[in-house]
Amino acid sequence: MNETLSATAIGAAPRIIPRADHNVSRSNISGNALRVLYRLKDAGFQAFLVGGCVRDVMLGRHPKDFDVATNALPDEVRKLFRNSRLVGRRFRLAHVVFGREVIEVATFRAASAPSPSEEPVLEADPEEGEAPELDEESELDDEAQFNGIDHERVLDTHGRLLRDNIYGSVDEDVWRRDFTVNSLYYNIADFSLWDYVGGAEDIVAHRLRLIGDPETRYREDPVRMLRAARFEAKLGFTLDPSTASPIPRLRTLLTGVPAARLFDETLKLFLTGHGERSLEVLRRRQLLEVLFPEVERYLATHPGGLVEQLLIRGLRDTDARVAEDMAVSPTFLFALLLYGPIALAIESLPPQRWHELSAIVEACERALRSASTRVTIPRRVALGVREMYGLQPRLEQPRGKRALRLLEQPRFRSAFDLLMLRAQLGLAPAEIAAWWTQLQAVAPEQRPALVDTLAKPRGPGSPAAANTNVGEGASAASGAAPRRRRRRRYRGPA
């Protein structure tokens, strides 16, 4: 079968599946995507819905976004849609904006050009989840690049595709896509499906298969190994043996991928509703040790331990939030992923320092610096992780009216969620977590009375007797390390 997917097949005619023989209906397609398709068609251009949205509709899922492929050039798309902007450095494409929905429109490309989803991520505010618009200077830089500097196809010494700005036809466009299941074209002209590579059969068989020679495709773009893991986790499909076999041998090529792009891929793996499953697939495919070496090292050293359980529960909770269309945070994700390395850094210090704020912040810094050598961690995310961990001692030992002021901290909610996870596993006192839950539930005017109970003598495990711990070991989990009696002043999160 792979022979039919080789480069020699470029230009081969597609199998055209008429509307009566497939289940893609306009009722399952975004109205804004249909507007784009019809306007392109009415202007005399070819217009296809393409990629994961077609796959998801065929699987009965609701696509998160809709992508369009056309023979219209980017400037022609821009003229047709006043609500559009041109983006992209490796390859030029258009974003047509309808309020909060963005329809991505890409011009057909020559074989082996990078897909729109493989563009390097723009610098974004990770908490807001939005990329800024290109400023005038970056637009001019892109235009200069587009107009003569980067038209040639360039690969590095490992075979990784660096740039490819050559436009092509729909018959060529399919061959630069990655997986057969992502390579079906829905033609708005007659509502048919165009299938060049057996994608429809692979969807029915729940099979993931790369187009072309897998080793060559991975060398062109090593991120395809992470995409394979992501689709395996997201769809529950099985990797074809020929697609899976090169991954252990080529996975180290990911170390040559820009760290900013790996941050983007990390968010796609863990914050799109299948994070728990992604963790399992990444570990099984030996990819986690390339992305986050210290995380994999810790989990391998403590199999089935409390930290692994906390990470799995946290990812499971995050998946549930995504399913309920609730906000998720990259900061909380990295706090979960780095829990083990942070705990290890704390426990490498003398036990009498385990509960010091300075020791906790220092451990966070060490773990963040190490992780950033492979995956960019934006400053705001790193600061948030430090604040979340820095708040843990204050949450475990609330003091009078200071507890009420903690509720106003911007990181309180994420720090509280971390405390709750720890409490579920015995890494923090359950009574403390319950007290904070109650404090948030009562009316504001009732909170001072609840805070007053903190001043009363308490037994072990009460707010007044709580001990901070972050680590895996039994001594840390039980709070056995002594706390210094001298009262320390705290001037807020680091």
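The values are calculated or read from the model by the stated rules, or taken from the named source; none is laboratory data. The structure displayed is predicted, hence computed values, not measured ones. A quick note on method: Cβ atoms are made from the backbone with ideal geometry, for glycine too, and the neighbour counts reach across all protein chains shown.
Looking at (1) at negative phi; (2) at pLDDT below 95, which is the one condition that is false for GLY212?
For GLY212, the exception is condition (1).
Please report, ordered by residue number, the helices (runs of 4 or more DSSP H) entirely within segment 317-377 with at least 1 residues that are farther than 17 Å from SER278 by Cβ and modelled with pLDDT under 95.
In segment 317-377, 339-347, 357-372 are the helices (runs of 4 or more DSSP H) which contain 1 or more residues that are farther than 17 Å from SER278 by Cβ and modelled with pLDDT under 95.
Can you find a residue in segment 201-208 that is assigned to a loop (DSSP other than H, G, I, E, B) and in contact with a Phe, Trp or Tyr (Cβ under 6 Å, 6 or more places away or on another chain)?
For segment 201-208, residues assigned to a loop (DSSP other than H, G, I, E, B) and in contact with a Phe, Trp or Tyr (Cβ under 6 Å, 6 or more places away or on another chain): present.
With the requirement that a residue be among the small types (Gly, Ala, Ser) and part of a loop (DSSP other than H, G, I, E, B), what does segment 378-402 give you?
Scanning segment 378-402 gives a single hit, GLY400.
Checking GLU294 against (1) charged (D, E, K, R); (2) touching a Ser or Thr at 6+ places or on another chain (Cβ under 9 Å); (3) over 23 Å from MET388 (Cα atoms), which single condition isn't satisfied?
The one condition GLU294 does not meet is (3).
State whether the residues of segment 259-268 include one that is modelled with pLDDT of 95 or more, farther than 23 Å from THR376 by Cβ and either of a type outside the set (A, V, I, L, M) or not in a loop (DSSP other than H, G, I, E, B) (or both).
No - not one qualifying residue is present in segment 259-268.
Filter segment 165-186 down to the residues that are surrounded by fewer than 20 Cβ atoms within 10 Å (Cβ to Cβ) and part of a strand (DSSP E or B) and list them by number.
If the condition is that a residue be surrounded by fewer than 20 Cβ atoms within 10 Å (Cβ to Cβ) and part of a strand (DSSP E or B), then TYR167 is the only one that fits.
Output the residues belonging to segment 221-253 that are more than 17 Å from THR180 (Cα to Cα) and touching a residue at least 60 places away in the same chain (Cβ under 8 Å).
Within segment 221-253, PRO222, LEU253 qualify.
Has segment 363-379 got any residue that is farther than 30 Å from GLY256 by Cα and in contact (Cβ under 8 Å) with a residue 12 or more places away in the chain?
no
Return the only residue of GLU324, GLU215, GLU276 being closer than 29 Å to GLU347 by Cα and surrounded by fewer than 22 Cβ atoms within 10 Å (Cβ to Cβ).
Exactly one of GLU324, GLU215, GLU276 is closer than 29 Å to GLU347 by Cα and surrounded by fewer than 22 Cβ atoms within 10 Å (Cβ to Cβ), namely GLU276.
Could you list, ordered by first residue, the pairs with Cβ atoms under 6 Å in which the first is in segment 292-303 and free of Cβ contacts under 8 Å to residues at least 40 places away in the same chain and the second is hydrophobic (A, V, I, L, M, F, W, C) and part of a helix (DSSP H, G or I), at least 6 apart or interchain?
GLU296/LEU288
I'd like the full set of residues that are at negative phi and either within 18 Å of the chain's Cα centre (by Cα) or assigned to a loop (DSSP other than H, G, I, E, B) (or both), limited to segment 297-316.
Within segment 297-316, HIS302, PRO303, GLY305, LEU311, ILE312, ARG313, GLY314, LEU315, ARG316 meet the criteria.
Give the residue that is surrounded by the fewest Cβ atoms within 10 Å (Cβ to Cβ), with candidates limited to residues of segment 54-79 that are hydrophobic (A, V, I, L, M, F, W, C) and in a helix (DSSP H, G or I).
MET58
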